[in-house]
1. Looking at 155, 204, 164, which is the one that is in a helix (DSSP H, G or I), at pLDDT 85 or above and over 30 Å from residue 125 (Cβ atoms)?
2. Only residues that are assigned to a helix (DSSP H, G or I) and either free of Cβ contacts under 8 Å to residues at least 60 places away in the same chain or farther than 14 Å from residue 174 by Cβ (or both): list them for segment 285-298, please.
3. Identify, from the list 103, 68, 99, the residue that is loosely packed, with under 12 Cβ neighbours inside 10 Å and either in contact with a Pro (Cβ under 9 Å, 6 or more places away or on another chain) or modelled with pLDDT of 90 or more (or both).
4. Considering only residues that are closer than 18 Å to residue 66 by Cα, free of Cβ contacts under 8 Å to residues at least 12 places away in the same chain and either surrounded by 14 or more Cβ atoms within 10 Å (Cβ to Cβ) or not charged (D, E, K, R) (or both), which ones fall in segment 7-35?
5. Scan 354, 301 and give me the residue that is at pLDDT 95 or above and among the aliphatic types (A, V, I, L, M).
6. Would you tally the residues in segment 278-324 being of a type in the set (Val, Ile, Thr), farther than 30 Å from residue 263 by Cα and within 26 Å of the chain's Cα centre (by Cα)?
7. Somewhere in segment 294-312, is a residue over 20 Å from residue 390 (Cα atoms), surrounded by 15 or more Cβ atoms within 10 Å (Cβ to Cβ) and touching a strand residue (DSSP E or B) at 6+ places or on another chain (Cβ under 8 Å)?
8. Select from segment 154-205 the residues that are farther than 19 Å from residue 105 by Cα, free of Cβ contacts under 8 Å to residues at least 24 places away in the same chain and polar (S, T, N, Q) and list them in ascending order.
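The values are calculated or read from the model by the stated rules, or taken from the named source; none is laboratory data. All of these numbers come straight from a predicted model, not from anything done at the bench. Cβ placement follows ideal geometry from the backbone for every residue including glycine, while neighbour counts extend to all protein chains displayed.
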Amino acid sequence: MSTDLKSSCHQFADDTSLIKYLDDPVKSIRDINDDLKKLADWANTWRVTFNASKTNFLRFSFKRRQPDLDPIFLNDTQISEVTSATNLGITLTNNLSWDNHIDKICVKTGKRLSILSRCRCFLPRLSLESLYISMIRPVIEYGDIIYDNTTLKNKLRLDNLQRKAAIICTGAYRHTETRSLLHELAWEPLVQRRSNHKIIQIYKIINGIYPNYLLELISPFHNDAYNLRNIHRFNAKTRRTEISNSSFFPSVIRLWYSQPIPIRESITVSQLRHRLNVNKVKSSRFNRLCTGKFGIQLTRLRLGLSALNAHRYKYNFIDTPLCDQCQITAETTFHYFFSCSSYSDARQHFFDRLFTDLNIDAINYSKTDLLNVLLFGLVNKNQQPTLLQIIFDYIEKTNRFQ
């Protein structure tokens, strides 16, 4: 079908796009009409029907005064010009803005987050995380290496989508710090994931895993007169505009050569992924087991924003951090577990169970170390469920978070 066309023809499944550089608008439009006539003849020969009403054209230009273009026809039907169009799931606009594309991502992701939010009442935390990672985050990250040069405002909108998912999965309050939420779940920031995706893509291009036409878009330095150190380095053509310089190839080449040598010399893609994630924070099993009503309360205590007065005071929700019962000491997490006189009976039972079930002598144990154990778990993973059950029972007996 693409034989003997003057325009560049790109096909994927049943989608076909023609691309033409309008150096001479009159001649270029004439060439496009000739190509569309050839495609119409091809369709008649092979009994294929092209729907002209669903066909349109998009002109990319930053010029304030756009030249008038002659009409474009397909099957004697004039094709209309549009300001934006979606190609393979990526929404392109005539001014190369990503606002429309990010809008669609937010709408689609928002619907799925609503479903995830309705599931939080009867699904454990681990299942909620799996749903986000498998069904929601891919929507956000589809084509992220292409739209990575979008505005900071749009990037923040995407970050807020992941933040909402983190709040749903953990049950945290909505004012909780984003950094604490991501650390709790061991999720990477989206900007870091986009960076890693770009590095993996350029690795595949350079090493011939992807088709050669992508490699042809970048070229190494060549200087026959001198044997330079950077003779084998790839270089993207310098662009005149900032939006072009921040597009995929110019930005990813700069990013690639900023990486440590071991990453660039990775032998396989698997090895590259491993080296990129070598410093990634591992997910805590203790944190993942904090599910249900009391697990959410323990998670909030660990994140530093719960119903305790000291936490609420820190975020300017109330005027005093003092405990409602004691009235002389700030109601911190430490105070709640070890000091408040209102929970003496529950605390004694709590300490007794720690000793009998886990052999932890809470009386002689360092209170700071014990608090870390209560919030972040024990080294022995087999004892984690028992420890959590003891903590949950204490939270239930104190009735502080009802």
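1. Numbers: 155 fails: over 30 Å from residue 125 (Cβ atoms); 164 fails: over 30 Å from residue 125 (Cβ atoms).
The conditions single out 204.
2. Looking only at segment 285-298, we keep the residues that are assigned to a helix (DSSP H, G or I), and these are 285-288, 292-298.
If the condition is that a residue be assigned to a helix (DSSP H, G or I) and either free of Cβ contacts under 8 Å to residues at least 60 places away in the same chain or farther than 14 Å from residue 174 by Cβ (or both), then 285, 286, 287, 288, 292, 293, 294, 295, 297, 298 are the ones that fit.
3. Values: 103 fails: loosely packed, with under 12 Cβ neighbours inside 10 Å; 99 fails: loosely packed, with under 12 Cβ neighbours inside 10 Å.
None of the others qualify; the one that does is 68.
4. 21, 28
5. Values: 354 fails: at pLDDT 95 or above.
Sole residue among the options that is at pLDDT 95 or above and among the aliphatic types (A, V, I, L, M): 301.
6. Let us first name the residues in segment 278-324 that are of a type in the set (Val, Ile, Thr), namely 278, 281, 291, 296, 299, 318, 320.
From the residues that got through so far, the ones that are farther than 30 Å from residue 263 by Cα too are 291, 296, 299, 318, 320.
After this cut, where a residue has to be within 26 Å of the chain's Cα centre (by Cα) as well, the list is 291, 296, 299.
Adding up the residues that qualify gives 3.
7. Yes, because at least one residue in segment 294-312 is over 20 Å from residue 390 (Cα atoms), surrounded by 15 or more Cβ atoms within 10 Å (Cβ to Cβ) and touching a strand residue (DSSP E or B) at 6+ places or on another chain (Cβ under 8 Å).
8. Of everything in segment 154-205, just one residue is farther than 19 Å from residue 105 by Cα, free of Cβ contacts under 8 Å to residues at least 24 places away in the same chain and polar (S, T, N, Q), namely 178.
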